[in-house]
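**Q** Okay, handing you the structure first.
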Amino acid sequence: MTTDKETLAVYDARAEDYESRFAGDAPSALLQRFINAVPDGGRVLDLGCGPGSAAAHMAAAGLRVDATDASPEMVRLAQAKPGVTARQATFDELDATALYDGIWANFSLLHATRADLPRHLDRIATALKDAGVFHIGMKTGDGEGRDTLGRRYTYVRAKELRQMLEAAGLDIIAQDTGHEVGLSGSDDWWIVLMAQKHHG
């Protein structure tokens, strides 16, 4: 997760609001697709896990789930979910090698700076096993900026994000776009890519 203090302060203050807005009784279609792509009993990382709702669905599906977030309040909520091992960590603290069958980064890396994204994606690719799957959600647009709550965002275009993943050794296997009203109340367009690490 980001080290931006203003962004983290928002998530600490609004953790329970965030959880109530985005929690669901069943996995979303995108999360179910990720779960289905991971081998039964596989080990996965929820990178920037927020309150742990997605991680809880993964655990309920029989996956071994590690979850990290830089917001202590988000980690507190995630730790309370059955089957979820959550700890406080930033993106830069990911240092695993060929450990995970899947990594889920759902609208978390959008808080990293554009300059840092390639480095984070390289670390993610290194942390994946061969043929491991990666899910990333980002808001679409240009440049970097803060929303009305003060959270820092990096906005991307589809071609740019695809190129970043491919440069990290990840093959794109699915692309989805849409829009949703977020915590700040704005209706923002987004892109989700699912990718797979090169064999060998």
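The values are calculated or read from the model by the stated rules, or taken from the named source; none is laboratory data. From a predicted model like this one, the values you see are computed outputs, not experimental measurements. Here Cβ is always computed from backbone atoms with ideal geometry, including for glycine, and neighbour counts include all displayed protein chains.
**Q** Being over 14 Å from the mean Cα position of the chain (by Cα), of a type outside the set (A, V, I, L, M, F, W, C), at pLDDT 95 or above and in a helix (DSSP H, G or I) is true for just one of Arg14, Arg33, Arg21. Which residue is that?
**A** Details: Arg14 fails: at pLDDT 95 or above; Arg21 fails: at pLDDT 95 or above.
Checking each option against the conditions leaves just Arg33.
**Q** Now for a separate question. In region 119-133, which residues are surrounded by fewer than 24 Cβ atoms within 10 Å (Cβ to Cβ) and in a helix (DSSP H, G or I)?
**A** Our first condition is that a residue be surrounded by fewer than 24 Cβ atoms within 10 Å (Cβ to Cβ); within region 119-133, this holds for 119-120, 122-123, 125-127, 129-131.
Result: Arg119, His120, Asp122, Arg123, Ala125, Thr126, Ala127.
**Q** Go through Ile191, Ile173 for me and flag whichever is at pLDDT 95 or above, hydrophobic (A, V, I, L, M, F, W, C), more than 14 Å from the chain's Cα centre (by Cα) and in a strand (DSSP E or B).
**A** One residue alone meets the criteria, Ile173.
**Q** Tell me, which residue of region 134-153 that is hydroxyl-bearing (Ser, Thr, Tyr) and modelled with pLDDT under 95 is surrounded by the most Cβ atoms within 10 Å (Cβ to Cβ)? Step through it out loud before you land on a result.
**A** Filtering region 134-153 for residues hydroxyl-bearing (Ser, Thr, Tyr) gives 140, 148, 153.
From what is left, the residues that are modelled with pLDDT under 95 are 148, 153.
Details: Thr148: 9, Tyr153: 20.
Here the residue is Tyr153.
**Q** Still on this structure: Give me a count of the residues in region 88-118 that are closer than 16 Å to Arg43 by Cα and part of a strand (DSSP E or B). Step through it out loud before you land on a result.
**A** First, pick out the residues of region 88-118 that are closer than 16 Å to Arg43 by Cα: 94-105.
In the following step, the residues that additionally are part of a strand (DSSP E or B) were identified as 100-105.
Total satisfying the criteria: 6.
**Q** Can I ask one more? Output the residue which, of all residues in region 65-87 that are part of a strand (DSSP E or B) and of a type in the set (Asp, Glu), is surrounded by the fewest Cβ atoms within 10 Å (Cβ to Cβ).
**A** Step one: filter region 65-87 for residues part of a strand (DSSP E or B), giving 65-69, 84-87.
Pick out the ones that are also of a type in the set (Asp, Glu) and you get 66, 69.
Numbers: Asp66: 20, Asp69: 30.
The qualifying residue surrounded by the fewest Cβ atoms within 10 Å (Cβ to Cβ) is Asp66.
**Q** Okay, moving on. How many residues are at positive phi and surrounded by 13 or more Cβ atoms within 10 Å (Cβ to Cβ) if we restrict to region 163-200?
**A** Total satisfying the criteria: 1.
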